[in-house]
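**Q** Structure in structure tokens, see below.
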Amino acid sequence: MSLHKVAIIGSGNWGSAIAKIVGENAQKHSDLFDRQVRMWVFEEQVDGRNLTDIINEKHENVKYLPGVKLPENVIAIPDLIEACQGADLLVFVLPHQFVHRVCTDLKGKLGKNARAISLIKGLAFHDNNISLFTDEIQNTLNVPTAALSGANIADEVAQEMFGETTIGSQTYEEDGELWFKLFNTPYFQVTVIADSVSVQICGALKNVIAVGAGLCDGLNDSPSQRCRYGNNTKAAVIRRGLLEMRKFGKSFFGGVRTETFFQSCGVADLITTCLGGRNRKVSEAFVNSGKSIEELEKEMLNGQKLQGTTTAKEVHEFLKARNMTEDFPLMTTVYRIIYDGEPPETIVRDI
């Protein structure tokens, strides 16, 4: 049996953290995977040098995951087609706004036995319609596509702090063990299930709820607030957010299973994102800074992108087109605070 060749499409904070795991497992399971793991890197200049050259020399993504060594078998490639040439396992881990272009560029260039997995935490919105990124990848490239999502703050995973994740695969019986061996480690424990739809719903919408949690933290820091906002407040936002996430999935997608929301991709990811992570951090600063969310993103994230605010806007447009904004009061309120200038304290008053 020929060895499976892996290509990682994306090299940001999370992409680099997952490259560490995949690189190590490619060496560990040498009877199953080709040793070399190619990672597509969008070329940038860092201190006058190509980022790919720095990664391949230092085995470290000095811009997006500084201080963490990548396995030497992870090779940074600036050309997408070259990075994916001959690969039959494609790991998509890039900002969701680039998925369509990347899939279009790869169309017709993959082997017939290729399969993919999406680590993208978002939903695809086109003309006020909504779809899953596994569907977009699968339909464009004609490859079966699984999804991975969980309580996985990238820096903690890279530092080998214990955590769990969930893989949803519609081809669970054929590919479940393969994906398990590619990603599972003693510190990054994988559960494989058949419900890829709910895995993605959770991964996308929890970022919107995390923006709400960050607004609560910002209100708690503000001396001008007459009402206090503490851990009880955030717990209420998390609970209501989980209910809205489940309701959204049940309302607009088939095959959603309630039990999936109690996997790492569901309640665990929601909690950790509301306690830490970029969406919570930037929205906390939004309350008292007087700056727009776009300004704060540029100042605080070193080139990374917020998913929660973008998804909040897309979800709102989707719901508005169906006259259903009032059915999802928490997500609607998050949108109105960020984009319509509503006072931050409406995060609890209007839900």
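**Q** What are the residues in region 290-302 that are open to solvent by 50 Å² or more (accessible area, probe 1.4 Å) and either in contact (Cβ under 8 Å) with a residue 24 or more places away in the chain or assigned to a helix (DSSP H, G or I) (or both), if any?
**A** Answer for region 290-302, where residues must be open to solvent by 50 Å² or more (accessible area, probe 1.4 Å) and either in contact (Cβ under 8 Å) with a residue 24 or more places away in the chain or assigned to a helix (DSSP H, G or I) (or both): GLU294, GLU295, LYS298, GLU299, MET300, ASN302.
**Q** Here is a further query. Checking the conditions here, which among ILE120, ILE137, ILE153, ILE81 is surrounded by fewer than 18 Cβ atoms within 10 Å (Cβ to Cβ), in the same structural domain as ILE54 (by TED's automatic domain parsing) and aliphatic (A, V, I, L, M)?
**A** One residue alone meets the criteria, ILE81.
**Q** Can I ask one more? SER2: in a loop (DSSP other than H, G, I, E, B) and touching a residue at least 24 places away in the same chain (Cβ under 8 Å), yes or no?
**A** No: the conditions fail for SER2.
**Q** Sticking with this one: Run down GLY168, GLY111, GLY176 and say which single residue is of a type outside the set (Val, Ile, Thr) and within 17 Å of the chain's Cα centre (by Cα).
**A** GLY168
**Q** May I ask you to list the residues in region 173-186 that are open to solvent by 30 Å² or more (accessible area, probe 1.4 Å) and touching a helix residue (DSSP H, G or I) at 6+ places or on another chain (Cβ under 9 Å)?
**A** Matches in region 173-186: LYS181, ASN184.
For every residue, the table says whether it meets (1) within 26 Å of GLU284 (Cβ to Cβ); (2) modelled with pLDDT of 95 or more.
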position	(1), (2)
LEU141	no, yes
LEU148	no, yes
ILE153	yes, no
GLU173	no, no
PHE183	no, yes
ILE193	no, yes
VAL208	yes, yes
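**Q** Would you call ILE81 within 22 Å of LYS305 (Cβ to Cβ), not aromatic (Phe, Trp, Tyr) and not in a loop (DSSP other than H, G, I, E, B)?
**A** Considered against the rule, which asks whether it is within 22 Å of LYS305 (Cβ to Cβ), not aromatic (Phe, Trp, Tyr) and not in a loop (DSSP other than H, G, I, E, B), ILE81 comes out as no.
Condition check ((1) surrounded by 14 or more Cβ atoms within 10 Å (Cβ to Cβ); (2) assigned to a helix (DSSP H, G or I); (3) touching a Cys at 6+ places or on another chain (Cβ under 7 Å)) across all residues:
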position: GLY255; (1), (2), (3): no, no, no
position: GLU259; (1), (2), (3): no, yes, no
position: THR310; (1), (2), (3): yes, yes, no
position: GLU326; (1), (2), (3): no, yes, no
position: GLU342; (1), (2), (3): yes, no, no
position: ILE347; (1), (2), (3): yes, yes, yes
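**Q** Considering only residues that are acidic (Asp, Glu) and assigned to a loop (DSSP other than H, G, I, E, B), look in region 5-51 and name the one that is most open to solvent (accessible area, probe 1.4 Å).
**A** Among residues in region 5-51 that are acidic (Asp, Glu) and assigned to a loop (DSSP other than H, G, I, E, B), the one most open to solvent (accessible area, probe 1.4 Å) is ASP47.
**Q** Scan region 273-284 residue by residue and report those that are open to solvent by 30 Å² or more (accessible area, probe 1.4 Å) and either at pLDDT 90 or above or on the phi < 0 side of the Ramachandran plot (or both).
**A** Across region 273-284, the qualifying residues are LEU275, ARG278, ARG280, LYS281, GLU284.
**Q** As an exercise: evaluate ILE167 against (1) in the same structural domain as ALA19 (by TED's automatic domain parsing); (2) in contact (Cβ under 8 Å) with a residue 60 or more places away in the chain and give the number of the one condition it does not meet.
**A** If we test ILE167 against (1) in the same structural domain as ALA19 (by TED's automatic domain parsing); (2) in contact (Cβ under 8 Å) with a residue 60 or more places away in the chain, just (2) comes out false.
**Q** Take region 299-326 and flag every residue that is polar (S, T, N, Q) and over 16 Å from ARG280 (Cβ atoms).
**A** Selection gives ASN302, ASN323, THR325.
**Q** When you go through (1) more than 18 Å from the chain's Cα centre (by Cα); (2) in a loop (DSSP other than H, G, I, E, B) one by one for TYR64, which number turns out not to apply?
**A** (1)
**Q** Please verify whether region 159-168 includes one or more residues that are open to solvent by 60 Å² or more (accessible area, probe 1.4 Å), on the phi > 0 side of the Ramachandran plot and modelled with pLDDT of 95 or more.
**A** There is at least one residue in region 159-168 that is open to solvent by 60 Å² or more (accessible area, probe 1.4 Å), on the phi > 0 side of the Ramachandran plot and modelled with pLDDT of 95 or more.
The values are calculated or read from the model by the stated rules, or taken from the named source; none is laboratory data. From a predicted model like this one, the values you see are computed outputs, not experimental measurements. Every residue, glycine among them, receives a Cβ derived from its backbone with ideal geometry; neighbour counts consider all protein chains shown. SASA here: full protein model, heavy atoms, side chains in, ligands and nucleic acids out. Shrake-Rupley method; radii C 1.70, N 1.55, O 1.52, S 1.80 Å.
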